[in-house]
Amino acid sequence: MSAPRALVLRAAGTNCDGETARALELGGATAAVWHLERLVAEPDRLEQTEILVLAGGFSHGDDVGAGRVWGLDLRRRLQAELWAFVERGGLVLGICNGFQALLESGLFAPRGSAAAERDVALTANTSNHYECRWVSLESLDCVCPWIVAGERWPVPVAHAEGRFAVADGGVVERLRAAGQVALSYVAPGGGPAEYPANPNGSVADIAGICDASGRVLGLMPHPERNVSPWHHPRWTRMEAREEGEGLIFFRRMVAVAAGVSV
């Protein structure tokens, strides 16, 4: 069986495309990095792609809101093609700025929905400044096929607008009931996270969500920055291991793209 084909999308100001492509390759995929403009010019490339990833960074300088320009560009110029990609089984991942852009693109909402994605937002951290630290992430029972519930792993965060906010309290319950809350911040010993374990003040400690199909996932932490053992700042004091904890995230995504259940 040939390796699943991944496309890492970048835009002006993104800066995590290289390490994201490497994480996908280590996970078993082939990966290419394309600028948004190239995909707009050649949208048929999505028909030869199983995995689409929006990399992290600071697209367009986050000048009018983190990921906003990039996301609106996707909505205006590629939304129909992206919906079709997901509907035929493609997997989409947005990491940090890529998650912010995915929310703006409308891809988390069903095709034709005008309002559902506006029930949630990624906004300024409650600390009112940029947060760059390692946190504990826990996987939850959700419809995303490459997330295995009940696991915890350390990952770094690096953002100023990562607080997951909702229009009202009912939104969180709706997302949970639909199996769309995929990842949460947890305290180092487990349980609800307070700052700095929850680095941005996200409601219900939510770190990542998926769409109703489970094939579109966004998260604020950076698993691609913990794929090698020495990525962790305390790696010399930890038990020897072959890889960073974040690599399993990509390996499972690639496996699902290849038709393997995890």
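The values are calculated or read from the model by the stated rules, or taken from the named source; none is laboratory data. A quick note: this is a predicted structure, and the numbers were derived from the prediction, not measured. Glycine gets a Cβ as well: all are built from the backbone with ideal geometry, and neighbour counts include every protein chain shown.
When every residue of region 124-143 is checked against the conditions, at least one turns out to be on the phi > 0 side of the Ramachandran plot and either modelled with pLDDT of 95 or more or surrounded by 16 or more Cβ atoms within 10 Å (Cβ to Cβ) (or both).
Tell me which residues, restricted to region 183-192, are within 20 Å of the chain's Cα centre (by Cα) and more than 16 Å from Ile95 (Cα to Cα).
If we filter region 183-192 for residues that are within 20 Å of the chain's Cα centre (by Cα), which is where we start, we get 183-186.
Correct list: Val186 only.
When residues in region 144-172 are screened for being assigned to a loop (DSSP other than H, G, I, E, B), surrounded by 17 or more Cβ atoms within 10 Å (Cβ to Cβ) and aliphatic (A, V, I, L, M), 2 of them pass.
Just one of Leu183, Leu175 is of a type outside the set (Asp, Glu), assigned to a helix (DSSP H, G or I) and either buried (at least 20 other Cβ atoms within 10 Å of the Cβ) or touching a strand residue (DSSP E or B) at 6+ places or on another chain (Cβ under 7 Å) (or both); which is it?
Details: Leu183 fails: assigned to a helix (DSSP H, G or I).
Exactly one of Leu183, Leu175 is of a type outside the set (Asp, Glu), assigned to a helix (DSSP H, G or I) and either buried (at least 20 other Cβ atoms within 10 Å of the Cβ) or touching a strand residue (DSSP E or B) at 6+ places or on another chain (Cβ under 7 Å) (or both), namely Leu175.
For region 88-114, the set of residues classified as at pLDDT 95 or above and surrounded by fewer than 19 Cβ atoms within 10 Å (Cβ to Cβ) consists of Arg88, Gly89, listed by residue number.
Can you confirm whether Leu72 is crowded, with 23+ Cβ neighbours inside 10 Å and either touching a strand residue (DSSP E or B) at 6+ places or on another chain (Cβ under 8 Å) or under 27 Å from Glu131 (Cβ atoms) (or both)?
Values: crowded, with 23+ Cβ neighbours inside 10 Å: no; either touching a strand residue (DSSP E or B) at 6+ places or on another chain (Cβ under 8 Å) or under 27 Å from Glu131 (Cβ atoms) (or both): yes.
Taking the combined requirement at face value, the residue does not satisfy it.
Cβ-Cβ distances below 6 Å connect no pair with a first residue in region 217-243 that is closer than 24 Å to Asp17 by Cα and without any contact (Cβ under 8 Å) to a residue 60 or more places away in the chain, a second residue that is of a type in the set (Asp, Glu) and not in a loop (DSSP other than H, G, I, E, B), and a separation of six or more residues or different chains. Tell me whether region 24-31 contains one or more residues that are touching a residue at least 60 places away in the same chain (Cβ under 8 Å), within 19 Å of His222 (Cα to Cα), of a type outside the set (Asp, Glu) and in a helix (DSSP H, G or I). Scanning region 24-31 turns up at least one residue that is touching a residue at least 60 places away in the same chain (Cβ under 8 Å), within 19 Å of His222 (Cα to Cα), of a type outside the set (Asp, Glu) and in a helix (DSSP H, G or I).
Cβ-Cβ distances below 9 Å connect the following pairs, each with a first residue in region 96-110 that is within 13 Å of Asp73 (Cα to Cα), a second residue that is of a type in the set (Ser, Thr, Tyr) and assigned to a helix (DSSP H, G or I), and a separation of six or more residues or different chains: Gly98/Thr20; Gly98/Ser59; Gln100/Ser59; Ala101/Ser59. Within region 140-164, residues that are within 23 Å of Gly201 (Cα to Cα) sit with their Cβ atoms under 9 Å from residues that are in a loop (DSSP other than H, G, I, E, B) and of a type in the set (Phe, Trp, Tyr), at 6+ positions apart or across chains, in these pairs: Ala158/Tyr130; His159/Tyr130; Ala160/Tyr130. Checked against (1) touching a strand residue (DSSP E or B) at 6+ places or on another chain (Cβ under 9 Å); (2) in contact (Cβ under 8 Å) with a residue 60 or more places away in the chain; (3) not hydroxyl-bearing (Ser, Thr, Tyr), Ala212 passes all but condition (1).
Conditions tested, residue by residue: (1) part of a helix (DSSP H, G or I); (2) farther than 22 Å from Arg88 by Cβ; (3) under 19 Å from the mean Cα position of the chain (by Cα).
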residue	(1), (2), (3)
Glu194	no, yes, no
Ala197	no, yes, yes
Gly201	no, yes, yes
Ser213	no, no, yes
Pro221	no, yes, yes
Thr236	yes, yes, no
Val254	yes, no, yes
Gly259	no, no, no
Val262	no, no, yes
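Candidates are the residues of region 32-75 that are in a loop (DSSP other than H, G, I, E, B) and of a type in the set (A, V, I, L, M); the one that is modelled with the lowest pLDDT is Val64.
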